[in-house]
Each structure stands twice: as structure tokens, then as C-alpha cells.
Number of protein chains: 2
Amino acid sequence: MTVAERRLRADAAHNRQLILDAGRAAFASDGIDVSMAEISRRAGVGFATAQRRFPTKEHLLREIIAEELSGMQEAATDAAPAGDPWEAFTTSIRTCAAHQALHPGLAGAIAESVSAATMTDPAGHIASMFTSIAQHATTTGMLRPDVTVGDVLAILKGNAGVIAHSPGNEVRASARFVELALRGLGAT
Amino acid sequence: MTVAERRLRADAAHNRQLILDAGRAAFASDGIDVSMAEISRRAGVGFATAQRRFPTKEHLLREIIAEELSGMQEAATDAAPAGDPWEAFTTSIRTCAAHQALHPGLAGAIAESVSAATMTDPAGHIASMFTSIAQHATTTGMLRPDVTVGDVLAILKGNAGVIAHSPGNEVRASARFVELALRGLGAT
């Protein structure tokens, strides 16, 4: 690779990151209806350049949410106390739900992405965050035996509704909702 | 009142009902972003006439939801078995939640209207549907003592999220979600 080629590639990576950062901020503050033209303007990158990196807004949104989910998974893994299946299970849900509350504009998209990832790739990282932990919690008698992965995902979908309809109080309303919903899944 | 005046008044009432019916159907199928022009077209009523009855779409939406809420309240009152506070409480929530699931386009607006009605008029019909029943259920030890009206309203907000993110499966997903959420509020 020539020096010129390396510089081009570094510029592309730099622009890509600028667009990702601007997109994340724009979706979180203004919701997912914000346009690619507006995002490229905020990123300080030409519209044509933005389109080369992300042909459509859906490409950009998917990439941002994939990054968010990966971050959530790491946070949940770090936070979950080893050996306590109920704490491990609820921590993964709480982490994901808190992430939604902090990004109100993305709350619904996060619920849909987690749901899609869990349903289409049951062996994948995202699915395992919920299913393997949930299975463990069920076999140790901490979850109601009839609780399904769909029930777990419904908490995130429900949380998106609570967030959407609690303007200015997203974080507290979401946290309270999640505790009550988790209690509904518990065996005791 | 002359015959002409009576006829004018009857025409106005007839048009009003046509617009209400068309609005209800349009909001339910297409969501609340449908325009007044489109609603008046579907009602077979001139746009100017529609505007005379309902100056803005918000006026129409508010009237439709007020009617829905009144219908829900009657249904809940009829369905609730006398003397069992937990059944009376859960029946009112289930009735309201089922109504949301049957009108996916209105689910969020119903949650917001119930919430606004409960918070702004605690002595009103809608508030009493939840608060007096909830109080009774709490004093008889069937609800967790720390459950608030806000928690009850959160079920409807959460239900709107579940409905929005369960396309094609709204009724089943909503019913399951509500049972688990109610369980989270129960004292046992």
C-alpha cells in the first residue's frame, strides 16, 4: 500500500467514525426520523461521503445499535456477580433497559434489534446474554418455569413504551418499571 | 327552533358522527399521523365541514379517546366480579390493555390519555377506575403496599411499547405481557 493509499484509508475510517458519532447523538436526541443529510451536516462530512460509508440511514442505524449492544453485553458481563443466576439474569436486563432510558430516541430500535438478534441467531452473543442466563435461572428455580425468551424481550419492548410516554422522567420511570416487570418473571 | 334549524342541527350531528367513525378507523389502522384531510375524505364530508366540527386533529383525537375510555370503563365495571378486589383491579387493567391491542395505532395515545386523565382529575371517572380499585386491593393485602397509580399507568405505557414492537402479534403479546406485569404488582 502506498502512502497515498494509507492516507485515503485513514481518512475514510476517520469520516466513518465522525458519522457514527454524529448519528448516535442525533438518533438519541431527535429519534430515528432524523435525516442522513442532517447527520452528515452535524458530522461535518459531505453528504456524498456519508452515503459512501453508509448507503442508507438503516445501514448507519444498524451499525450504531450493533456497537451499543456489544457495549451493553460487556457491561452486563462485568456487572453480573458470578454464581448468582438471578442477579446475573436481572443485571443483564437492567443494563440493557438503562441503556434504552439513556437513549430515548433509540429505545424502540434497541428493543427491536435485541429481539431480532435473539430470534435470528439463538447461538449468538446477544441471544446468549438472555437465553443462557435465563435457562440457568430457570433450572435453579429462580425464574417462573414458564418464562420464555419472548417474555424477557417483552420487558425491553415495554420499557420502550414507558420511555416514550414518560418524557423528562425516562430514567426513573424505566428503572421502576423494570423492577416490577422482573418481579413478574420471578418464581417467588 | 324552526324545522330548518332542527334539520341543520341534525345534519351537523350526523356529520360529526361520520367524522368520529372515520377518525377512529383511520387512527386505529394508520396511526395518529393520518391527516384531517384524509379523515374527512374517508368520512365523505367536506374538509371545511370537518374543521367546523373539529378545529384540529387533536380535538378529534381527544374526543375519540374520551369515548373509548368511557366504553372501557363500562366494560371494566361490567366484567369485574363484585367483592374480589384483585379481580376488579386486574379486570380494569386487562380491559384497557386489550383495547390498546385492538387499536394498535391508538395504543400510545390511550396510555397517554388515561395517564393525563388520572393525573389531572384524580376524582374523575377514569382515575377512579384505577385508583379506588387499586386502593381497595392494597388495603386488602392483594397489591404490594408500595404500588402507586404511576406503576399501574406504567403497565399501559409498557403495553403500548409491546404492541408497537410486536407487529401482527399485538393481541397475544399484549395479553401475555399484562399478565406478567400484573404479577409484578401483586403482593404474593
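The values are calculated or read from the model by the stated rules, or taken from the named source; none is laboratory data. Since this is a predicted model, take the numbers as computed values, not measurements. Backbone-built Cβ (ideal geometry, glycine too); neighbour counts: all protein chains shown.
Values for this structure:
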| item | result |
| --- | --- |
| Extreme residue, surrounded by the most Cβ atoms within 10 Å (Cβ to Cβ), among residues of the range A:27-38 that are on the phi < 0 side of the Ramachandran plot and not in a helix (DSSP H, G or I) | A:Val34 |
| Elements of type helices (runs of 4 or more DSSP H) in the range A:102-188, at least 2 residues being farther than 22 Å from A:Asp84 by Cα and either within 10 Å of chain B (Cβ to nearest Cβ) or modelled with pLDDT under 85 (or both) | A:107-120, A:149-164, A:170-185 |
| Checklist (1) under 12 Å from the mean Cα position of the chain (by Cα); (2) charged (D, E, K, R); (3) under 18 Å from A:Gly150 (Cα atoms) applied to A:Asp121, failing item | (1) |
| Condition check for A:Thr138: surrounded by 17 or more Cβ atoms within 10 Å (Cβ to Cβ), β-branched (Val, Ile, Thr), out of contact with any helix residue (DSSP H, G or I) (no Cβ under 7 Å at 6 or more places or on another chain) and assigned by TED's automatic domain parsing to the domain that holds A:Gln100 | yes |
| Filtered residues of the range B:87-130 (kept if small (Gly, Ala, Ser) and farther than 16 Å from B:Ala160 by Cβ) | B:Ala88, B:Ser92, B:Ala123, B:Gly124, B:Ala127, B:Ser128 |
| Qualifying position, being more than 23 Å from B:Ala107 (Cβ to Cβ) and buried (at least 19 other Cβ atoms within 10 Å of the Cβ), among B:Arg53, B:Arg24, B:Arg41 | B:Arg53 |
| Flag if A:Ala127 is small (Gly, Ala, Ser) and touching a strand residue (DSSP E or B) at 6+ places or on another chain (Cβ under 7 Å) | no |
| Residue within the range B:7-16 that is of a type outside the set (Val, Ile, Thr), exposed (fewer than 14 other Cβ atoms within 10 Å of the Cβ) and at positive phi present | no |
